[in-house]
Amino acid sequence: MSQGWKSTIIVLAAAAIVSTPLIWLLDSPDAGQLAAASIQSGVGVAALVWALFQHSGNRTDDTAIRTGQARASREGTAVTGVKRSGGRSSGSAKAERTGDATASGEGSSAVSGIDYT
C-alpha cells in the first residue's frame, strides 16, 4: 500500500471514530443511536489498526545469482552480489553463487554477497 493511501485511510478512520458518534452522543442518544455510534467507532478503530500494519509500497526485492568476478584497488569497492547503500531496505535481498570479490590496496574493500553499507 502506498504512503498516500495509508495516510488517507488513517485520516478517514480517525474522522469516523470521532465525528458522527460524538454528534450522536452529545444529543441524548436513544438505544439505537448508542449502538450505531459504538459500531461506527469500532469500524473506525479496525480500519485504523489495519492501515497502520500495512507495508508501504516502496518495498524492493533484490536478487543476484551467479555473478562474475569483481576486483577493487586503490580505495575502491568490489561487490559481487547486492549492494544497498544507506543501510537495509524494506524488501528482501538474496545472493547465490556470487563468485569471487577481490580487493587489493589500502582502503579498498570486497564483498561477495550482500553489502548493507
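Observations on the model:
- GLY4 meets all of the listed conditions (1) loosely packed, with under 15 Cβ neighbours inside 10 Å; (2) at pLDDT 80 or above but one, namely (2).
- Top-ranked residue in the range 68-85 [being modelled with pLDDT under 80 and in a loop (DSSP other than H, G, I, E, B); ranked as surrounded by the most Cβ atoms within 10 Å (Cβ to Cβ)]: GLY81
The values are calculated or read from the model by the stated rules, or taken from the named source; none is laboratory data. Since this is a predicted model, take the numbers as computed values, not measurements. Glycine gets a Cβ as well: all are built from the backbone with ideal geometry, and neighbour counts include every protein chain shown.
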